[in-house]
1. Restricting to helices (runs of 4 or more DSSP H) lying wholly in the range 111-164: which have 3 or more residues that are in contact with a Lys or Arg (Cβ under 7 Å, 6 or more places away or on another chain)?
2. If a residue must be over 24 Å from Val32 (Cβ atoms) and of a type in the set (S, T, N, Q), how many such residues does the range 75-117 contain?
3. Keeping to the range 70-89, report how many residues are surrounded by 17 or more Cβ atoms within 10 Å (Cβ to Cβ) and not acidic (Asp, Glu).
4. Got a number for residues in the range 7-22 being buried (at least 19 other Cβ atoms within 10 Å of the Cβ) and either in a loop (DSSP other than H, G, I, E, B) or in contact with a Cys (Cβ under 6 Å, 6 or more places away or on another chain) (or both)?
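No value in this document is a laboratory result; all are computed from the given coordinates. Since the model is a prediction, treat every value here as computed from it, not as a measurement. Counting neighbours? That spans all protein chains shown, and the Cβs are built from the backbone with ideal geometry, glycine included.
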Amino acid sequence: MRLPPAYPGMRIGLYGGSFDPAHAGHRHVSLVALRRLGLDRIWWMVTPGNPLKDRDRLAPATVRVAAAALVAAHPQIAVTAFESEIGARYTRQSLRYLVSRHPAVHFVWLMGADSLAGFHRWQGYREIAELMPIAVIDRPGYTLSAPVGRAARALARWRLPERDAATLADRAAPAWTFLHGPRSQLSSTAIRRMGENRAGLLKTTRDDINLGQVG
């Protein structure tokens, strides 16, 4: 199994997603986490697909990994698709694998506030919280709602004040914090829709031209 380098005592943030496509918003979240949490590295975990979303239109993993590496463009961000190789379908399986493989590494799970809002729908979300600390990065539209959502309420007793975020990686799970600050408006879903709309517009224009030529 080829994973990015990891050594005992390292603080590594794990940022999972389909990255379809990767964009500057993902990089923004990563840079915030590196700085605020005092991490040594961040691994972008390009998943085979989100079980809660439609996978039919998902770009091939090799394409998403290559694009993510170009977007990341940072010496402290590594891109990996190991989940496909180990046959993991759910995040908890992947995190369990990493913790068992690198027991002396301080892993932190990173997620956007939009993910926290639906975290209770993830299979074994409580187990994820028990496997490693979690850092939630603010997202537009979720600043107020996500911290009072179902999962956040269930894990409320383990919430760490934001001022102590730099200590999160060294704490025993469960532990989590919510990081406020500048928010990126970008989203992979919106980017895909924009691309689909442009493709549809181009196709319609071509069809109109062809019909005009035939007429």
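1. On the way: elements: 113-117, 125-131, 150-154.
Where helices (runs of 4 or more DSSP H) fall fully within the range 111-164 and carry at least 3 residues being in contact with a Lys or Arg (Cβ under 7 Å, 6 or more places away or on another chain), they are 125-131.
2. Count: 3.
3. Here is the first cut: in the range 70-89, the residues surrounded by 17 or more Cβ atoms within 10 Å (Cβ to Cβ) are 71-72, 77-83, 88.
Then keep just the ones that are not acidic (Asp, Glu); that gives 71-72, 77-82, 88.
Of the residues in the range 70-89, 9 are surrounded by 17 or more Cβ atoms within 10 Å (Cβ to Cβ) and not acidic (Asp, Glu).
4. Qualifying residue count for the region: 4.
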